[in-house]
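Trainee: I have a structure here, written as structure tokens, and I will follow up with some questions on it.
The values are calculated or read from the model by the stated rules, or taken from the named source; none is laboratory data. For clarity, every value in this text was computed on a predicted model and none was experimentally measured. Ideal geometry is used to build each Cβ from the backbone, glycine not excepted, and the neighbour counts take in all protein chains shown.
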Amino acid sequence: MAEDRSERVSWSEKRETRSPPSTFDRDTTRTGVDPRERFDREWPDCWADAAALLEWTEPYDELLDDDDAPFYRWFVGGRLNAAENCIDRHLEAGRKTQVALRWEGKRDEQRTYTYHDLHREVTAVAAGLRELGVEENDVVTLYLPTLPELPITMLACARIGALHNVVFAGFAPDALLERMSGTDSSALVTCDGAFRDGVAIDQKRKADAAMAELESTIPTIVVDRLGPANETQLGPDQYAYDELVDRFDGADVPPVPRNATDPLFHIHTSGTTGEPQRMTHATGGYLAGTAWTSRTVFDLSPGDTYWCTADLGWVTGHSYVVYGPLARGATVVLAEGSLRYPDRHRPWEIIERNGVEVFYTTPGVIRTFMKWGESFPAAHDRSSLRLLGTVGEPIGPDTWEWYYTHVGDERCPIVDTWWQTETGAVMLSTLPGVDEMKPGAVGPPLPGIDARVVDEDGRELPPGEPGYLTITKPWPSMLSPLESDRYWVLAEYWQQFSDRRADTWRYFTGDRAVVDEDGYVTIIGRADDVVTVGNRRLGTAELEAAITAVDGVTEAAAVAGSTGGDTDLYVFATIEQDRTDRDGLRGAITDAIVSRIGRFAEPAAVVFTPELPETHSGKTMYRVLETIVDDERLEDSEPLRNPEIVGELESLWTTE
Ligand code: PRX
């Protein structure tokens, strides 16, 4: 497997420095004053800059309340509505006929919504949700693929002060059920199905299966994606989206003013326990953070055309497809389906046809483009592009160079943005056109962000020494757990350090990182038992629970590895001694993952081993398995209980 392996990002390597291209001239951050220095000096008042990008129904009277640290509260006393900030105020500012959303369907369809259209449909859906009994503070689960109806429904929830809970459409019914019941949802929005490579896939059946297990039934709204050729039966308490929109077309639903500290949405992520964890973001801080970073990191001004390839089921889709860019009044491109269907020209056609100026994707996608070859981007006009972004995993210097040269024609700065579901918005990144870039390193913390690399005890480490990435000062778009989630959020993320002022808290990101002399941070990877597959963060415990539920499997470990350019999932399992039907078990393990988690998590290989490598305390040593998957040499010093298993695993892996 070694030949085809993608590069790995080495943290100990010295980074080359690249100056920002001088042709990048739309820089909104260039003010003549170093923003980092000013934000340091004026912290926390500097964050008034972010709040000033929003329209407030009532101004806040306290910028930062730290009485209940680390449950900080931002913009206390302020009231605003997120949908009003993303739509209504643009109408008043003369952007009624400007395109807000441009959807590129899989079947060569294009749908365009001006800010006026968006306002009309969001309002109609908001009225429809109310009709079905959804009230302020209720939760609505959205289980939709990349259709315009997804951001529209998110904004409709926000308009009436309901929280949305978007569940990735690729998840299986079990995963949907868990996320729906865990948030006590009052309604579900889904669709009849989706096309995959020309074949209609049934989405509603998955939603119905989850609904059948829910303790009490809730109303379901069904979007028609498949068209009249695929008739869908609606059961009791199920409503056609189009009929609701027709019925409430032109309805007057004034945006409900929310406290800045009121929750805007839930989203699920994976933490060290591996269970899906309910994350919550507060209206004011989150919107201020996403709007501010959309401006300073993505350089978005009203009317700019922007495309982010992220699925809306993940936080990137929330912050940088919906809230940030729409709060900035940008034109957002939304592309349904795979970038390789119907052929490999599709991404470049989308950029060319829409005149995309800012493009944001992941290293995995860029590596796929690299594999396809430079002739594809070269065949299209990309002169509209002026800024490129990447997120989700470390980008190696070679991938960075390819992106810079073959996509950006050495004209476009690249922002390598580090952040998390929990942080809500970008935390570490270069400022485009201002900062030098170092391929492979994400860059320094953004203005106002205090990131430190520390050891186990929270002591700051000098440049060059790898440790835990932590954030010391609060930031506006930070996680804002519900009262009932505070206990585990505190245990999972926060540490108070005793060697300094008693009220100083550190937020532990769960990432390992190293900082250089210039303050540029290189991300090494996750420190906890979480795997990132295709840029989706999954808890190993959740995956392993699905695997060990298979009859005959005794123990399992799931790791991510990069073979062939994409990050894939690999399973190592031990089985009962008398089991000889290995192929059957392999199939059963794959089926269990597909049915409990979803097809996107299908493992690339399942390896049976007599034992898993373990520490003396009996914890699975994931690092050993990762090293094997990545065909790397193992350090001798690994403190294993059963070091003899390593050689055996290596030979099992090669014969796999
Ligand atoms: O490990 C880091 C990695 O993705 C994790 C966050 O995952 P999630 O909450 O799903 O959000 C993904 C999109 C923000 C981080 O803890 N990560 C994110 N961005 C980068 C990154 N690793 C390296 N470089 C990045 N730019």
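Trainee: Given the criteria hydroxyl-bearing (S, T, Y) and either at pLDDT below 90 or more than 31 Å from the chain's Cα centre (by Cα) (or both), does T590 qualify?
Mentor: Details: hydroxyl-bearing (S, T, Y): yes; either at pLDDT below 90 or more than 31 Å from the chain's Cα centre (by Cα) (or both): no.
Criteria not met by T590.
Trainee: If we scan region 458-468, do we find a residue that is more than 17 Å from D518 (Cβ to Cβ), in a loop (DSSP other than H, G, I, E, B) and basic (K, R)?
Mentor: The first filter runs over region 458-468 and keeps only residues more than 17 Å from D518 (Cβ to Cβ), leaving 458-459, 467-468.
Then drop every residue that is not in a loop (DSSP other than H, G, I, E, B), which leaves 458-459.
Filter once more, so that each one left must be basic (K, R): 459.
Scanning region 458-468, I find at least one residue that is more than 17 Å from D518 (Cβ to Cβ), in a loop (DSSP other than H, G, I, E, B) and basic (K, R), so the answer is yes.
Trainee: While we're looking at this one, here's another question. Taking the condition over 23 Å from T362 (Cβ atoms), more than 21 Å from the chain's Cα centre (by Cα) and more than 14 Å from the ligand (Cβ to nearest atom), does S484 pass? Outline the logic, then answer.
Mentor: Details: over 23 Å from T362 (Cβ atoms): yes; more than 21 Å from the chain's Cα centre (by Cα): yes; more than 14 Å from the ligand (Cβ to nearest atom): yes.
Taking the combined requirement at face value, the residue satisfies it.
Trainee: Still on this model: Just the residues that are farther than 25 Å from V530 by Cα, in contact with a strand residue (DSSP E or B) (Cβ under 9 Å, 6 or more places away or on another chain) and of a type in the set (A, V, I, L, M), please, taken from region 365-414.
Mentor: Hits for region 365-414 are L385, L387, L388, V407, I414.
Trainee: Here is a list: G329, G313. Which entry is in contact (Cβ under 8 Å) with a residue 60 or more places away in the chain and over 18 Å from T153 (Cβ atoms)? Steps first, please.
Mentor: Numbers: G313 fails: over 18 Å from T153 (Cβ atoms).
Residue meeting the stated conditions: G329.
Trainee: Sticking with this structure for a sec: Looking at E555, E576, can you tell me which residue is more than 11 Å from the ligand (Cβ to nearest atom) and over 24 Å from A172 (Cβ atoms)? Steps first, answer last, please.
Mentor: Working: E555 fails: over 24 Å from A172 (Cβ atoms).
Among E555, E576, only E576 is more than 11 Å from the ligand (Cβ to nearest atom) and over 24 Å from A172 (Cβ atoms).
Trainee: Okay, moving on. State the number of residues belonging to region 87-135 that are part of a strand (DSSP E or B), within 23 Å of L287 (Cβ to Cβ) and free of Cβ contacts under 8 Å to residues at least 60 places away in the same chain.
Mentor: So the answer is 2.
Trainee: In region 356-374, which residue that is away from the ligand (no atom under 16 Å from the Cβ) and of a type in the set (D, E, K, R) is nearest to H318 (Cα to Cα)?
Mentor: Among those residues, the one meeting the criterion is E357.
Trainee: Would you mind finding the one in D398, D457 that is more than 15 Å from the ligand (Cβ to nearest atom) and without any contact (Cβ under 8 Å) to a residue 60 or more places away in the chain? Working first, answer last.
Mentor: Numbers: D398 fails: without any contact (Cβ under 8 Å) to a residue 60 or more places away in the chain.
Result of the check over D398, D457: D457.
Trainee: Can I ask one more? What number of residues in region 542-558 are in contact with an Asp or Glu (Cβ under 7 Å, 6 or more places away or on another chain), modelled with pLDDT under 90 and within 27 Å of T368 (Cβ to Cβ)?
Mentor: Result for region 542-558: 1.
Trainee: Scan region 199-225 residue by residue and report those that are assigned to a strand (DSSP E or B) and either within 26 Å of the chain's Cα centre (by Cα) or not assigned by TED's automatic domain parsing to the domain that holds V139 (or both).
Mentor: To start, the set of residues in region 199-225 that are assigned to a strand (DSSP E or B) comprises 199-202, 220-223.
Matches in region 199-225: I201, D202, T220, I221, V222, V223.
Trainee: Go through the residues of region 397-415 one by one and say whether even a single one is assigned to a loop (DSSP other than H, G, I, E, B) and over 25 Å from S301 (Cα atoms). Break it down into steps so the answer makes sense when it comes.
Mentor: Residues of region 397-415 that are assigned to a loop (DSSP other than H, G, I, E, B), as a first pass: 408-413.
With the extra rule that they be over 25 Å from S301 (Cα atoms), the set shrinks to none.
No, the conditions are met nowhere in region 397-415.
Trainee: Given the condition surrounded by fewer than 21 Cβ atoms within 10 Å (Cβ to Cβ) and more than 14 Å from the ligand (Cβ to nearest atom), answer yes or no: does some residue in region 411-428 qualify?
Mentor: Taking every residue of region 411-428 in turn, at least one turns out to be surrounded by fewer than 21 Cβ atoms within 10 Å (Cβ to Cβ) and more than 14 Å from the ligand (Cβ to nearest atom).
Trainee: Follow-up question, since we're still on this one. Can you list the strands (runs of 3 or more DSSP E) found entirely within region 508-592 that contain at least 1 residues being within 30 Å of K14 (Cα to Cα) and of a type in the set (V, I, T)? So that I can check it myself, show each step before the final result.
Mentor: Values: elements: 521-526, 530-533, 536-539, 553-563, 566-575.
In region 508-592, the matching strands (runs of 3 or more DSSP E) lie at 521-526, 530-533, 553-563, 566-575.
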